[in-house]
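After the structure tokens below, expect a handful of questions from me.
The values are calculated or read from the model by the stated rules, or taken from the named source; none is laboratory data. Since the structure is predicted, the reported quantities are computational estimates derived from the model, not experimental observations. A quick note on method: Cβ atoms are made from the backbone with ideal geometry, for glycine too, and the neighbour counts reach across all protein chains shown. What goes into the accessible areas is simple: the full protein's heavy atoms, side chains included, and nothing from ligands, DNA or RNA. Shrake-Rupley method; radii C 1.70, N 1.55, O 1.52, S 1.80 Å.
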Amino acid sequence: GHIELTVPHAFVAGARGAITIDPVIRSVPVNVGSDNTRNADIAYDRQNDRWLVVYERVFSGLDADIIGRGFFGNGDSLNEHVIAAGAVDARNPSVGNNDATQLFLVAWDEDRGGAGRAIMGRRETGSLNVDAPPFTLRAVVGATCLSPAVGGSTATDAGGNLFAVVCEEGTT
């Protein structure tokens, strides 16, 4: 009925600020198939007690899709769905959650041919259903935008309806 954690005295003595001990209670396989997958990210929706894992499913050096896998709070699988697919190369997914809206935002970089790469986004509900079509978050003529990182918000007031998205940007 309880867990006891022991932390070495030397670790505690050398720590600065608050210490958080986060034990692994259960490991959950995300993709056990033979697909070539990489670059996973995860976010949690505490209002709906759901996890969303996003990752690349790689087909070749010029073609990858973005896949989402939903999990219940206890780690049981809920669903798998395609977030970005097709003839364009989609890479480097990131996901964040916003408690006020109970939405996830998934962002990734996508090939625009000779125009470089743009940052795309797609919303998902807390029940892990795609909420809207993909939309452009950042595209700059003559530049390439790579490797987005999404941050959500735990604010539950109406003013907390925000996400933060950052990316690397360079010239094409």
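Ranked highest first by average number of other Cβ atoms within 10 Å, how do 74-86, 91-103 line up?
Averaged packing, sorted descending, gives the order 91-103, 74-86.
Ala164 to Asp49: extension gain in nm, 0.36 nm per residue of separation minus the Cα-Cα distance?
39.2 nm
Let me check I have the definition right: for the stretch 36-125, take the eigenvalues of the Cα gyration tensor, multiply each by 5, take square roots. What are those semi-axes in whole Å, largest first?
Taking √(5λ) for each eigenvalue gives 25, 14, 8 Å, largest first.
Contact order normalised by length for the stretch 38-146, with contacts defined as Cα pairs under 8 Å and 6 or more residues apart; what percent is it?
Relative contact order of the stretch 38-146: 21 percent.
Where nothing but the Cβ of Lys and Arg (+1) and of Asp and Glu (-1) is charged, how large is the charge dipole of the chain around its Cα centre, in debye to the nearest 20?
Values: 13 positive and 21 negative charges, 36 e Å.
Once rounded to the nearest 20, the dipole reads 180 debye.
Where only protein heavy atoms count, and the probe is 1.4 Å, what is the accessible area per residue for the chain in Å²?
Per residue, the chain has 57 Å² of solvent-accessible surface.
Next question. In the stretch 1-64, if the dipole is taken from +1 on Lys/Arg beta carbons and -1 on Asp/Glu beta carbons about the Cα centre, which of Asn36, Leu62, Ala10 is farthest to the positive end?
Most positive-ward Cα: Ala10.
Using mean Cβ contacts within 10 Å as the protection proxy, how do 60-68, 118-126, 132-140, 7-15 order, highest first?
In decreasing order of mean packing, 60-68, 118-126, 132-140, 7-15 become 118-126, 60-68, 132-140, 7-15.
What ranking of Cys145, Cys167 comes out by heavy-atom accessible area, probe 1.4 Å, highest first?
Numbers: Cys145 0, Cys167 50 Å².
Output order, biggest surface exposure first: Cys167, Cys145.
Let me ask another. Quote the FRET efficiency, to the nearest 0.05, computed for Val28 versus Ser127 with a Förster distance R0 of 22 Å and r equal to the Cβ-Cβ distance.
So, using R0 = 22 Å, E works out to roughly 0.70.
Still on this model: So for the stretch 65-124, taking the charge dipole from beta-carbon charges (+1 Lys/Arg, -1 Asp/Glu), which of Asn92, Gly116, His81 sits furthest toward the positive end?
Gly116
I want to check the label-to-label distance for Leu78 and Ala18. Put each point 7 Å from Cα in the C-beta direction and report it in nm to one decimal.
Label-label distance for Leu78 and Ala18, simple model: 2.6 nm.
Computed from the coordinates I sent, volume of the Cα convex hull per residue in Å³ equals one of [x] 179; [y] 188; [z] 167. Tell me the label.
Looking at volume of the Cα convex hull per residue in Å³ for this model, the match is [x].
Still on this structure: Return the carbon/sulfur percentage of the accessible area of the stretch 39-172, one whole number, probe 1.4 Å, all protein chains in place.
52 percent
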